[in-house]
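Values quoted throughout were computed directly from the atomic coordinates according to the rules given, and no laboratory measurement underlies them. Fair warning: this is a prediction, and the values are worked out from it, not measured in the lab. Here the Cβ positions follow ideal geometry from the backbone for every residue, glycine too, while neighbour counts run over all protein chains shown.
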There are 2 protein chains.
Amino acid sequence: MSVSEPKGFLASGVASGLKSNGKLDIALVTNGGPLDSVAAVFTANRCLANPIIWSKQVVAGGQAKAVVLNSGGANCYTGAEGFQTTHLTAERAADLLGIAASEVVVCSTGLIGEQLDRSKLLSGLEAAHTALKAGTGQDAAMAIMTTDTVPKMSVRESDSGWKLGAIAKGAGMLAPGLATMLVVITTDAVVDSSALNAALREASRVSFDRLDSDGCMSTNDQVTLMASGASGVIPDIEEFQDLLIAICKELALKLLDDAEGASHNIHIKTLGAESETDAVEVSRSVARNNLFKAAIYGNDPNWGRILAAVGTTNAIFDPYGIDVSINGVLVSANGEPALDRSNVDLSSKDVWIEIDLHQGVHEATVITNDLTHEYVEENSAYSS
Amino acid sequence: MSVSEPKGFLASGVASGLKSNGKLDIALVTNGGPLDSVAAVFTANRCLANPIIWSKQVVAGGQAKAVVLNSGGANCYTGAEGFQTTHLTAERAADLLGIAASEVVVCSTGLIGEQLDRSKLLSGLEAAHTALKAGTGQDAAMAIMTTDTVPKMSVRESDSGWKLGAIAKGAGMLAPGLATMLVVITTDAVVDSSALNAALREASRVSFDRLDSDGCMSTNDQVTLMASGASGVIPDIEEFQDLLIAICKELALKLLDDAEGASHNIHIKTLGAESETDAVEVSRSVARNNLFKAAIYGNDPNWGRILAAVGTTNAIFDPYGIDVSINGVLVSANGEPALDRSNVDLSSKDVWIEIDLHQGVHEATVITNDLTHEYVEENSAYSS
């Protein structure tokens, strides 16, 4: 169950031929109201895909009634023709749904620098409109997959009678601001766009923005949150924030778990930091260190590579007052080896790194993957 | 020919047993004067190996008469015992050479977090002293190798009658500030330590600091430049700077060419930048993008990944006013595809990327490697 679980939403996914393998490639999610509140966060990349440029304008007003998503092409660096394709997509969806084009969010994912086939896209969109239904939303989740191996969906329900539902895609180019991905989250709670926006930014900050699979930032990332208000329930705002964070963290872990070619999920927690910013910087520096990531792939608890990565940051620390634990084993303390590294068991998929800076009370966890042969293979053997 | 080619210098390399495979692992380079000028640049990593902590003190005074270098262990995060090992190394070298310990630079390379075997190190140092000689310096070059496949040496000669000689090691963890490596450069020109220092900083800035193999910065990097003055020639300072830059660039290319598991040398030139800083930032961002590097390994001219990397920088540019060429083929211009990417031939080892920002007259080239199966293998299959 996913985006069409909360009341007021329908979803569909169809195969239009944009993907040469014939798999589902166009998703449509509609909000039947009564509310049409929307908020979104976008990639921090300065080179933006056409659908991002379009959707920023749509979301700026705080209202949207539909999201069209396609895989099979990023529609990025495709010039004026590419932007027109996005515009036409929104117009066609608006015609079909009896709404305005300015109420249609558009998302694309795939290879940069190739034009989308407009006739396939637009006829696929018509088929997606025909296929709209309540239900699991699984077709929509499948239609946005690229190198993902499984569709990613989630639902959260409040005891007060409202729900959140979500679909997500992303398996590579996962780095913050945002992690590379498309996410659509729906809710039937009664929430205006301003409150949606604040809640989504906070939730992204502690979930998607701390997912850093390979340090590469995409041109097409977007997380869209829509509220229909169809439950008639005004949520407790703290509970809404908590459930939104929970669903975003769950989706981030699903993205991590399906990352291209990864054999380990690595949770890098920095604690004892003077600030949360320091904790994030330290964890992220380790998460982006290829030598550390390759060592974990080799089941090698090479803590020297962790400290070498910490040493490249501007965080406040004493280089000889840092403790490092791997899967609960304190391997280095105060600038010296501690317990023998051979005590560390790295055979399970999840790996837990703890870096204690002993400078304060702040902490943060960044999640990443190991650097594997399969990652190299997936990203060298064909264009994506 | 290398460090013992300029007059006044002797060098040696011996096997002490620090390397378990019995290969050469201790190098000694001595400066017989009359001058004992020295300058050095060190890793910008804040987590420093013990030999770096020691050598910074030695070099601060501008005088040194010997460099001891060992492979087989980084002597980093080895606590007070590790620092004492470095100190004892300098003292033993001083005793053997009849100089002061404060005139002995020490460098180490290898695994972090393991104590060096002192008795092997010190008896090896005695053997290295006995083996000191003029000549090629090849034993010294070989004794500092870790995952390097070839020793790296170079010589430059001025028509005015003075020379530069150098040895270098480095094959992974090559990132700026410095690239990970040990380098010793000698000259018999008459240059004081202040002029040496200025010349070395400028040469490093445009050579080693623009070598970024895998984005990982080591705890042990050091480039040491010593002048004996034994030629009796006071060099033209511009010529000295030019030849020093030339030898540093040659060494950087040798390091690049021997980088762990690489199948391509990638030269990323950003031109038309508003400042040199912008040009370096843009080139470096591309050099660190795993997806781009994997694509080059797969002989895939995936220019979208180049622009996505450019978009993560703070350089001044118009996202839709950038030209990208790969091996001379203009693949993207003004935010659109240009010539078909299939025109790009990536079969040769060297790859030339040009990114024209059209904002000014500044340019810079950062050199890097592709991300290959062999890189993953070398950095996961055993600790280094």
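Taking amide H as placed 1.01 Å from N in the peptide plane, the amide H of A:LYS152 sits under 5 Å from that of A:ALA168, each at least 5 places away or on another chain.
Considering the dipole of chain A built from charges on the beta carbon (Lys and Arg +1, Asp and Glu -1) around the Cα centre, which of A:ALA40, A:THR368, A:ASN302 is farthest to its positive end? The one lying farthest along the dipole's positive direction is A:ALA40. Over the protein assembly as shown, the Kirkwood radius and the radius of gyration, each from Cα atoms, give a ratio Rg/Rh of 1.04. The same position A:SER275 in the other copies lies at 2.2 nm from this copy, comparing label points 7 Å beyond Cα toward the beta-carbon, shortest first. Report the calculated FRET efficiency for B:ALA134 and B:ASP350 (r = Cβ-Cβ distance, R0 = 30 Å), to the nearest 0.05. Efficiency, from the Cβ-Cβ distance: 0.25. Measure nothing fancy, just the Cα-based angle from helix A:193-205's long axis to the longest principal axis of chain A, in degrees from 0 to 90, nearest 10. The two axes meet at around 30 degrees.
Relative contact order, whole percent, for chain B stands at 18, derived from Cα pairs under 8 Å and 6 or more residues apart. Considering only A:SER20, A:SER325, A:SER71, the mean-square fluctuation computed in a Gaussian network model of chain A, springs between alpha carbons under 10 angstrom, is largest for A:SER20. When +1 charges are put on Lys and Arg Cβ atoms and -1 charges on Asp and Glu Cβ atoms, the dipole computed for the protein assembly as shown relative to its Cα centre reaches about 420 debye. For the options A:SER213, A:SER119, A:SER263, a Gaussian network treatment of chain A with springs between C-alpha atoms closer than 10 Å singles out A:SER119 as fluctuating the most. Computed about its Cα centre, the charge dipole of the range A:1-130 is approximately 200 debye, with only Lys, Arg, Asp and Glu carrying charge at their Cβ. A simple charge model with +1 on the Cβ of Lys and Arg, -1 on the Cβ of Asp and Glu and nothing else charged puts the dipole of the range A:265-380 at about 180 debye relative to its Cα centre.
Between the alpha-carbon centres of the range A:273-340 and the range B:1-74 there is a gap of 28 Å.
Centre-to-centre separation between the Cα atoms of the range A:223-242 and those of the range B:208-267: 59 Å.
Computed over chain A with a Gaussian network model linking Cα atoms closer than 10 Å, the most mobile of A:GLY165, A:GLY328, A:GLY124 is A:GLY328. Relative to the other identical copies, A:LEU88 shows label-point distances of 7.7 nm, where the label point lies 7 Å from Cα along the Cβ direction and values run shortest first. Sorted from shortest to longest, the distances between the A:TRP352 label points of this copy and the other copies are 5.4 nm, with each point 7 Å from Cα along the line through the beta carbon. Over all pairs of different C-alpha atoms, the range A:17-127 has a mean inverse distance whose reciprocal, the Kirkwood radius, equals 14.0 Å.
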